[in-house]
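See structure below.
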Amino acid sequence: MVFQKSPDGGWGWIIVLVSFFTQFLCYGSPLAVGVLYLEWLDTFGEGKGKTAWVGSLASGVGLLASPICSTCVSAFGARPVAIFSGFMVAGGLMISSFAPNLYFLFCSYGIIVGLGCGLLYTATVTITCQYFDKRRGLALGLISTGSSIGLFIYAALQKELIELYGLDGCLLIVGALSLNILACGSLMRPLKSESATLPDMPCLEKIPEQYLIYNEKEKNVYEESINILEKSRNEEKNVNRTSLHDCKQESLTMKNKLLSLTPRETNTYRKKVVERTYFCKQLAEKKWHLYLDYWEETLGLFKNKVFSSLFIAIFFFDIGGFPPSLLMEDIAKSSNISEEDCVIPLISIIGIMTAIGKLVLGILADFAWINALYLYVLTLIMTAVALVLIPFAQSYATLAILSGVLGFLTGNWSIFPYVTTKTVGIEKLTHAYGVLMFFAGLGNSLGPPIVGWFYDWTKSYEIAFYFSGLCVLFGGLLLLGAALPCCKITDSNNQPEKPLPNTYSYKEATRV
């Protein structure tokens with residue numbers, strides 16, 4: 001489907017506003033789950049690794065289901081998907097207030113809320129990219145700050161609600177707030193497409209053979225029915241008069257109904273049946289070819305060297321970079337830092353700095369002299385350094401500084417859709433972004449439990465964050481190697497490999 005030219009303004013700013021509040025409302029609680037994490041540790045008495053699955057599923061399931069989310073947005077549009085997902089998020093949060101154990105939370109909070117967030121994220125990013133082209137980096141930066149500001153506010157809000165109404169009351173109130181997503185979704189007016197005409201019905205002239213075959217079959221069936229009725233009349237002569245009279249009346253009635261159909265009515269009916277049958281057959285074949293084309297396009301994406309490195313980098317980045325936002329409060333507690341010293345919750349610091357990072361990095365991505373891909377790689381390498389320094393932090397001030405740095409660098413999520421668009425093109429954005437988010441969700445789901453298991457095993461977070469830092473560093477260096485112009489592959493004749501359509505190249509990047 002080809003959309004009309006992006007307006008880069010107008011109603012697009014309304015789209016940015018409602019997308020901002022959508023991400024604020026849906027991601028506020030899942031990203032600030034670190035506050036709930038401590039409560040669940042005390043309530044259910046399970047290990048850190050097992051309890052961390054609740055928060056990691058809430059962030060990871062929606063990303064794991066990104067191919068499905070992308071298909072839903074492509075098939076139904078952003079507005080219906082956003083409204084339906086609002087019910088999912090609100091319902092999942094409210095149901096979680098009645099959780100008797102962790103396994104119930106895995107389903108209600110982890111899967112239902114996580115899937116709803118994934119659908120909403122895909123819907124907001126897709127419709128924003130459709131409305132903006134030249135200012136796409138700024139627009140994506142603005143809407144993505146919604147989740148970060150949500151983290152900043154919900155961290156303190158959930159802490160206060162737990163003190164006033166308990167854990168169950170907190171989840172009920174937060175779920176009720178999420179119902180405002182329905183109002184935001186209703187304002188996501190779709191951008192009209194240039195080719196919105198429906199496929200024409202097949203003409204009868206295109207299927208003369210099918211019609212003739214069907215017509216011949218119908219004729220045989222019609223004559224066979226008359227013969228059966230005649231035969232039944234002869235056989236009924238050996239029965240008593242009462243039964244014979246009834247059967248003859250019934251047979252005559254059926255025969256008269258068949259004979260009452262005029263040839264014109266019969267032909268009209270047959271033509272309609274053939275027309276509908278052939279149309280359904282064509283539709284089924286078209287759907288099957290679309291399914292095959294989807295997988296062919298998916299395999300084609302991985303032939304792009306930068307795209308292949310990008311999915312590996314995002315996978316390792318989420319394994320190592322996501323755990324601090326979930327476990328930072330517990331890290332401070334394990335370092336014997338008292339609650340009185342924590343003037344501002346560390347999760348809130350991560351949230352507000354992530355918002356600033358998304359906005360700043362989004363603006364930088366719009367400058368023509370900045371390569372967005374290299375900017376993304378730089379954030380990965382700096383994140384790896386910050387993660388390795390966490391075990392050396394023994395005071396609230398040091399942890400607060402590292403939380404701010406990590407939060408700012410995590411703001412690279414705002415330029416990730418931008419990099420993806422320049423890598424595969426706007427036409428393949430929804431498809432490619434869904435594939436990348438699947439691997440991001442896999443990393444999100446595995447990261448916190450791995451760090452928690454390291455702590456359960458060693459009773460320390462040192463080895464866990466050394467491992468996290470190395471994962472992020474590996475992904476960053478791999479992506480850097482794939483993006484460098486000197487690493488382009490050539491064939492045996494020293495001729496450059498024919499580029500795939502809409503692939504990312506260094507020259508394209510410098511024009512961004």
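Can you tell me how segment 110-168 classifies by the Cα gyration tensor, rounded, prolate or oblate, using a/c under 1.5 as the rounded cut? Note, shape of segment 110-168 comes out oblate. Does segment 1-75 classify as rounded, prolate or oblate by the C-alpha gyration tensor (a ≥ b ≥ c root eigenvalues; a/c under 1.5 gives rounded; else a/b over b/c gives prolate, otherwise oblate)? The shape class here is oblate. Between Phe76 and Glu340, full extension at 0.36 nm per residue minus the direct alpha carbon distance yields a gain of 90.0 nm.
Please arrange Trp288, Trp40 by how many other C-beta atoms lie within 10 Å of their C-beta, fewest to most. Numbers along the way, then the final one.
Working: Trp288 10, Trp40 21.
Ordered from fewest to most neighbouring Cβ atoms within 10 Å, Trp288, Trp40 come out as Trp288, Trp40.
In terms of its alpha-carbon gyration tensor, segment 15-142 comes out prolate; a/c meets the 1.5 threshold, and the first ratio a/b outweighs b/c.
Looking at segment 378-460, the trypsin sites (Lys or Arg not before Pro) that sit in a DSSP loop and have at most 10 other Cβ atoms within 10 Å of their own Cβ are Lys459. In this label model, Tyr374 and Val360 are separated by 2.0 nm, measuring between points 7 Å along each Cα→Cβ vector. Annotation: peptides 440-452, 9-21, ranked by per-residue average of other Cβ atoms within 10 Å with the highest first, follow the order 440-452, 9-21.
Could you tell me which of the pairs Lys48/Lys303; Lys287/Lys422; Lys305/Lys459; Lys50/Lys422; Lys192/Lys358; Lys48/Lys159 are separated by over 31 angstrom between their Cα atoms in the structure shown? Provide the component values of the computation, followed by the final result.
Numbers: Lys48/Lys303 40 Å; Lys287/Lys422 29 Å; Lys305/Lys459 41 Å; Lys50/Lys422 39 Å; Lys192/Lys358 29 Å; Lys48/Lys159 20 Å.
Cα-Cα > 31 Å for Lys48/Lys303; Lys305/Lys459; Lys50/Lys422; rest within.
Every read-out reported here was derived from the displayed coordinates using simple, explicitly stated rules and does not represent laboratory data. Everything quoted here is computed from the prediction, not taken from an experiment. Positions of Cβ are generated from backbone atoms using ideal geometry, with glycine treated the same way; all protein chains shown enter the neighbour counts.
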